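Remarks on the structure that follows.
Computed from the coordinates by the stated procedures, all read-outs in this text should not be read as laboratory data. All of these numbers come straight from a predicted model, not from anything done at the bench. Cβ coordinates were reconstructed from backbone atoms using ideal geometry, including for glycine residues, and neighbour counts include every protein chain displayed.
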């Protein structure tokens, strides 16, 4: 066998948006990675073995966010043997194998550097490659994979889709709020302005709804063709919610009093993903979540000024928290942490505290010992339905006390997304980006280590 070398290649994108609707199905089995075998109905492409150890034909690269700026963790990368199936749209109850279709020949996950290494890659020309996290998916072709050596994809070539011409983007509903600009996070991670729409049934993938304002009468941002209110068209009924893969609730500056809390509770239990900011603590404190002891809640603004916070790398019992460790490493790689390894948070809030009694919740970031309220939770998550055992949980909720608007230069008052400033993410926005893509990924218990879906034999 010849010497091992690296062959840098430019990737040619062949992505097509493949959208379909699907209901929530039941999940069974002992693990969230629970398909006993992947879909192997199509024979592997270029499956003939070369005259070398098949493991030595490898493909390496780095996957970035749609902006092409930040490498992403826990992205599934695979070579399909056939054509991947259209992705379902809306709240669906999926295992960690359900969405990765097309008879995967070889699979891998990106690490905290966004890097992957695929082994046993079928050599040849125009080798298909899929990279995907949840319902974010892009399909490209590698011009040439050489047998018996490593082929390296040109850095910067692999970015998640910024629009539907490049690939699949989940259907995301964003309720705006007069006290934050969470809708702008998606612009800064690279989603095109053309994907924003004020029409709940529109063709774009970022659907804007007007929240309740900020309590001072200034109202909430809207689109140039006015978007409907969240109370009348988003969180009013399960049917309005369940058409979306993810629901994002920007801070309104006051407790939300017009929400159908049961509808949002049921949406999360059906496999929906919810990203809730600051004053939306009222959803967790009251209503159907109130009996689940997710946190100890404090009401009001909870303003504790600028603080430094610690990334959580352990589970409540002290065992390692793999995704928390990855977040700490990822932030360090991006230069978002202070020299002592902590994160500086601007305009922090204190409305949630976690203890061992809050067993359903997993902390991601807490105020350090020098803060005026040490240990104040800045972000935590939990899987749903809460009453189900972990293998049957298929939804997830993230709560964050951090704001996008703190440290950004967004111009509130302009239509969405014209209000959104360009530029890099602030350190705390980088945490939010990590959490958004983690929220998109398959749901797994906090104690499990992420791993790639199974491949075909």
Debye log10 I(q)/I(0) at q = 0.17 Å⁻¹ for the range 237-345, Cα point scatterers: -1.06
What spacing in nm lies between the two simple spin-label points modelled at residue 360 and residue 421, each 7 Å away from Cα in the Cβ direction? 3.8
If packing is taken as the average count of other Cβ atoms within 10 Å, what order do 415-425, 87-97 fall into, highest mean first? 87-97, 415-425
Mind pulling the per residue volume of the convex hull built on the Cα atoms of the range 124-180? Å³ is fine. 118
Can you compute the FRET efficiency between residue 243 and residue 85 using 1/(1 + (r/R0)^6), with r the Cβ-Cβ distance and R0 = 30 Å? Round to the nearest 0.05. 0.95
Expressed as an acute angle from 0 to 90° and rounded to the nearest 10, what is the orientation of the C-alpha long axis of helix 322-333 relative to the principal long axis of the chain? 90
List the extent of the Cα atoms of the chain along each of their three principal axes, largest first, rounded to whole Å. 71, 46, 43
Stick to the Cα atoms of the range 329-457, pair each with every other, and give me the Kirkwood hydrodynamic radius in Å at one decimal. 16.9
So residue 55 and residue 296, fully extended at 0.36 nm per residue minus their Cα-Cα distance, gain in nm 81.7 nm
Cα-based Rg of the range 274-314 per 2.2 N^0.38 Å, rounded to two decimals? 1.39
Between 0 and 90 degrees, rounded to the nearest ten: what's the tilt of helix 427-440 against the longest Cα principal axis of the chain? 70
